[in-house]
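Colleague: Please read through the structure below; I'll follow up with questions.
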Amino acid sequence: MAYKSLLTVATSPERVEPAITVASRLALSSDAHLDVLALGIDGTQVAYYNMGGTAVVLQMALERAEQEAQAVEKAAAAALSAQPAMLRASVESAVAQMGGLAGLVALRSRFADLVVLSRPYGKGRGAETEAVVEAALFEGQAPVLVVPDDPTLSERFGHRIVIAWDQSREALTAVRKAMPFLLRADNVDIVIVDPAAHGAERSDPGGALCQMLVRHGVRAEVSVLAKTMPRISDVIARHVRDQDADLLVMGAYGHSRFREAILGGATRDMLELAEVPVLMAH
């Protein structure tokens, strides 16, 4: 199945370009439609204000969020105008409180084949950037492509792909959602780090997945690596560099807290380390 409906969500006018640039290229190559959701975030915590000033505070916060949404929409429209004229795309702005952000993003993500987002961690990023990624993954149940801040790093990606494989449901879901990329790749490397001695795949780690992909016409191979660094994410990141890979496919892991789910430590580590686009799914 090809990606025909793409979505990107922008919360800052300064950081709309990387995701829109990558999503536009994908849309053009797949004859897909790109939707851009420009968000203004109202971070007001009403409980912290006295009753007399609450209405004024709420009105000011709402006006500020609307102004932010308009600024993001304007930046998104400018980024789209720089793309080829045959691109089919639309921009919509909205205002959301932090408490309602997940529901809004999840609703839009459910009807997208792929959500393209900027990296949620780094200088100048607020809690809303991670919240958008979490909402698309866990509540929207959409595959998410997280792209580096520098769009030139994503000019050619998907030719050499690394799959982080650990036999989990999440990893298999990511593989299935990444199939349009995998079918076009020149090489796909299934990476297993320190496989369990008594696991289900102990005699042939990654063999069943490799067979499945080869039957689809994917040029796949398997690499079994020792855990020579403190974290598995470090080993995978180094392997991506060593293989000159340009896309990482991995399962997104999380756990329930106050929200439906939040990114787990391993997923967070991988996103912080990755120097190439990362396709994740839950």
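Colleague: What lysines does Lys4 reach when the alpha-carbon gap must be under 20 Å and sequence neighbours fewer than 8 apart in one chain are set aside?
Modeller: Partners found: Lys177.
Colleague: Straight-line reach from Lys123: which lysines have a Cα under 29 Å away, not including same-chain ones fewer than 8 places off?
Modeller: In chain and number order, the partners are Lys74.
Colleague: Find out how many positive minus negative residues lie around Lys177, taking Lys and Arg as positive, Asp and Glu as negative, among other residues whose Cβ is under 15 Å from that of Lys177. Numbers along the way, then the final one.
Modeller: Values: positive: Lys4, Arg110, Arg169, Arg176, Arg184; negative: Asp113, Glu170.
So the surrounding residues net to +3.
Colleague: In addition: Rolling a 1.4 angstrom probe over the protein heavy atoms, how many square angstrom per residue are accessible across the chain?
Modeller: Details: 13410 Å² over 282 residues.
Counting only protein heavy atoms, the per-residue value for the chain is 48 Å².
Colleague: Percent relative contact order of the stretch 98-172, based on C-alpha pairs within less than 8 angstrom and at least six residues apart? Working shown, then result.
Modeller: On the way: 78 pairs, mean separation 24.9, N = 75.
Relative contact order of the stretch 98-172: 33 percent.
Colleague: Using only Cα atoms and rounding to the nearest 10 degrees, what angle (0 to 90) does helix 98-109 make with the longest principal axis of the chain?
Modeller: 50 degrees
Colleague: Given the alpha-carbon gyration tensor of the chain, what are the semi-axes of its equivalent ellipsoid in whole angstrom, ordered largest first, with each equal to the square root of 5 times an eigenvalue?
Modeller: On the way: eigenvalues 248, 99, 45 Å².
Equivalent ellipsoid semi-axes, largest first: 35, 22, 15 Å.
Colleague: So for the stretch 61-136, averaging the separation of alpha carbon pairs under 8 Å that are six or more residues apart and normalising by length, what relative contact order in percent results? Could you put the intermediate results ahead of the total?
Modeller: On the way: 43 pairs, mean separation 23.0, N = 76.
About 30 percent, as a whole number.
Colleague: What does the charge add up to near Leu62, with Lys and Arg as +1, Asp and Glu as -1, over the other residues with Cβ less than 15 Å from its Cβ?
Modeller: -3
Colleague: Quick check on the chain: of the DSSP beta bridges with both residues there, what percent are antiparallel, nearest 5%?
Modeller: Values: 5 of 45 bridges.
Antiparallel bridges make up about 10 percent of those DSSP assigns within the chain.
Colleague: Answer rounded, prolate or oblate for the stretch 175-282, using the Cα gyration tensor with square roots of eigenvalues a ≥ b ≥ c: rounded when a/c is under 1.5, else prolate when a/b is larger than b/c, else oblate.
Modeller: Working: a/c = 1.41, a/b = 1.28, b/c = 1.10.
Judged from the Cα gyration tensor, the stretch 175-282 comes out rounded (a/c under 1.5).
Colleague: Further, regarding this structure: Go through Thr173, Thr228 and list them by solvent-accessible area, largest first, probe radius 1.4 Å. Write down the numbers at each step before the final one.
Modeller: Details: Thr173 35, Thr228 95 Å².
Ranked list, largest accessible area first: Thr228, Thr173.
Colleague: As a test, work out the antiparallel percent of DSSP beta bridges whose residues both lie in the stretch 153-282, rounded to the nearest 5. Don't skip to the end; give the middle numbers.
Modeller: On the way: 2 of 20 bridges.
Antiparallel bridges make up about 10 percent of those DSSP assigns within the stretch 153-282.
Colleague: Still on this structure, I have one more. Cβ neighbours within 10 Å, averaged per peptide: list 64-74, 234-244 in order, most packed at the top. Walk me through the numbers on the way to the answer.
Modeller: Numbers: 64-74: 18.5, 234-244: 16.9.
Put in order of decreasing packing, that is 64-74, 234-244.
Colleague: Could you sort Phe138, Phe111 by accessible area so the largest value comes first, with the probe set to 1.4 Å? Don't jump to the answer; show the numbers that get you there.
Modeller: Values: Phe138 5, Phe111 150 Å².
Sorted descending by solvent-accessible area, the residues read Phe111, Phe138.
Colleague: Of Thr173, Val278, Val144, which is farthest towards the positive pole of the chain's charge dipole, taken about the Cα centre with +1 and -1 on the beta-carbons of Lys, Arg and Asp, Glu respectively?
Modeller: With unit charges placed on the Cβ atoms, the residue in question is Thr173.
Colleague: Would you mind counting up the charge near Val276? Only other residues with Cβ under 14 Å from its Cβ, with Lys and Arg at +1 and Asp and Glu at -1. Present the calculation step by step, with values, prior to reporting the outcome.
Modeller: Numbers: positive: Arg119, Arg156, Arg160, Arg238, Arg241; negative: Asp149, Asp150, Glu155, Asp189, Asp242, Asp244, Asp246, Glu272, Glu275.
Taking every Cβ under 14 Å from that of Val276, the sum is -4.
Colleague: When the accessible area of the chain is computed with all protein chains present and a 1.4 Å probe, what percentage of it is carbon and sulfur? All intermediate terms of the calculation are to be shown ahead of the outcome.
Modeller: Numbers: 6970 of 13410 Å².
Ligands and nucleic acids excluded, carbon and sulfur give 52 percent.
The values are calculated or read from the model by the stated rules, or taken from the named source; none is laboratory data. Just so it is clear, the structure is predicted and the values come from calculations on it, not from any experiment. Because the Cβ atoms are built from the backbone with ideal geometry, glycine has one as well, and the counts that use them run over all protein chains shown. What goes into the accessible areas is simple: the full protein's heavy atoms, side chains included, and nothing from ligands, DNA or RNA. Shrake-Rupley method; radii C 1.70, N 1.55, O 1.52, S 1.80 Å.
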